[in-house]
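A short write-up of the structure that comes next.
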Amino acid sequence: MKISHACLSAVCAAVISGSVVAEDKVLNIYNWSDYVSPDTVANFEKETGIKVNYDVYDSNEALEAKLMAGSSGYDLVFPSNSFFERQVKAGAYQAIDKSKLSNYKNIDQQLAGKVARHDEGNKHNVPYAWGTVGIGYNVDMVKARLGEDFQLDSLDMLLKPEVAAKLQDCGIAILDSPAEVMSIVNNYIGEDPNSESMSDLKASAKVLAEARPYYKYFHSSQYISDLANGDICVALGYNGDLLQAKDRAAEAGQGVNISFSIPKEGTLLWFDLMAIPADAPHPEAAMQYINYILRGDVAASLSNYVFYAVPNTAATPMLDAEISENKGIYPIQAVKDKLFIQVAHTPKFDRSLTRAWSNIKTGR
Ligand code: N2P
């Protein structure tokens, strides 16, 4: 029997001595931060007796680094479509036997069809949630600086230096996500969002570099609480996270009024997927968790809490109106038409992108 590094624990002693059941009483999850409702994991533990170790990340790059290093110890991870595509090609994931998932029928087939472009036959993934990257802003602070008539659904707010300069004092935050942000800037300047041309990279990097002096920071999760508390006034971020900021601000009742818009210039549409690393120590427990997430009631309560759309048809009737009628979560067709999907970058382009990004961040 192959003894994995996870078998150094007491639990695994049982496996080595022949009781395979004990192995699957543990589940090591690595998911995005702010991406489950408070009772999602606790209810699963209660129902199954499986102990969940739950770690979080806030970037695809962080997840990829762990996966590619190997022996991450994780059983279930949540990559976004474009990153996932190249991870599959690199053999990072094991196949998922859908016949063992009694709730797989709840998956929205139209969305699964889109994801299949990244993973033929969807052999290695089950969709978890989807969303966009957009603009979250403090209505009063921004209007006070840009005037009542400024279009608050335009990336000009973040990418035109003369506009960003007016918001510098109240604080601008940008996602620390090079591939995603660069694709949005490419699209903003009228180039192919997925371009790997060095001249497009240079042009988009220049746009960011010119606005950079007016940014407070690059980070991919801190903006939720900062926006809710009034510590920043604009953020380029993930739609659900920005809507969580709006919700938290409203609940705090301190007069912080947050709004969210999908950029009229168009933006990135992403899908986050559940996938089981090839060397996962507890794949059976991961399957149980996937099947649990696929339940309509579980997916709905998760979506109602995190403000992200779930690709689950059984969840739809259980969604709060605040979610199902929210155009920031389920965009109208005209907005959808302007969304684009990212494809995986080549390692060669990635190196140039990483260099350009670090120059932008450090203001060099
Ligand atoms: C959750 C962010 C998930 C969206 N905080 C990124 N794909």
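The values are calculated or read from the model by the stated rules, or taken from the named source; none is laboratory data. These figures come from a predicted structure and were not determined experimentally. In this analysis, Cβ positions are derived from the backbone assuming ideal geometry, glycine residues included, and neighbour counts consider all displayed protein chains.
General observations
- Condition check for residue 71 on (1) surrounded by fewer than 17 Cβ atoms within 10 Å (Cβ to Cβ); (2) modelled with pLDDT of 95 or more; (3) assigned to a loop (DSSP other than H, G, I, E, B): one failure, at (2).
- The range 207-252: number of residues that are within 16 Å of the ligand (Cβ to nearest atom), buried (at least 20 other Cβ atoms within 10 Å of the Cβ) and among the basic types (Lys, Arg): 1
- Leading residue by the ranking (surrounded by the fewest Cβ atoms within 10 Å (Cβ to Cβ)) among those in the range 74-107 that are aromatic (Phe, Trp, Tyr) and more than 17 Å from the chain's Cα centre (by Cα): 104
- Where a residue in the range 108-129 is within 14 Å of residue 275 (Cβ to Cβ) and within 16 Å of the ligand (Cβ to nearest atom) and its partner, wherever it lies, is in a loop (DSSP other than H, G, I, E, B) and of a type in the set (Ser, Thr, Tyr), with Cβ under 7 Å and at least six apart: 129/308
- Sole residue being surrounded by 17 or more Cβ atoms within 10 Å (Cβ to Cβ) and modelled with pLDDT under 95, chosen from 331, 347: 331
- With respect to being within 16 Å of the ligand (Cβ to nearest atom) and within 21 Å of the chain's Cα centre (by Cα), residue 35 fits the description.
- Some residue of the range 115-126 being modelled with pLDDT of 95 or more and β-branched (Val, Ile, Thr): yes
- Of all residues making up the range 49-83, the number that are in contact with an Asp or Glu (Cβ under 7 Å, 6 or more places away or on another chain) and within 19 Å of residue 353 (Cα to Cα): 3
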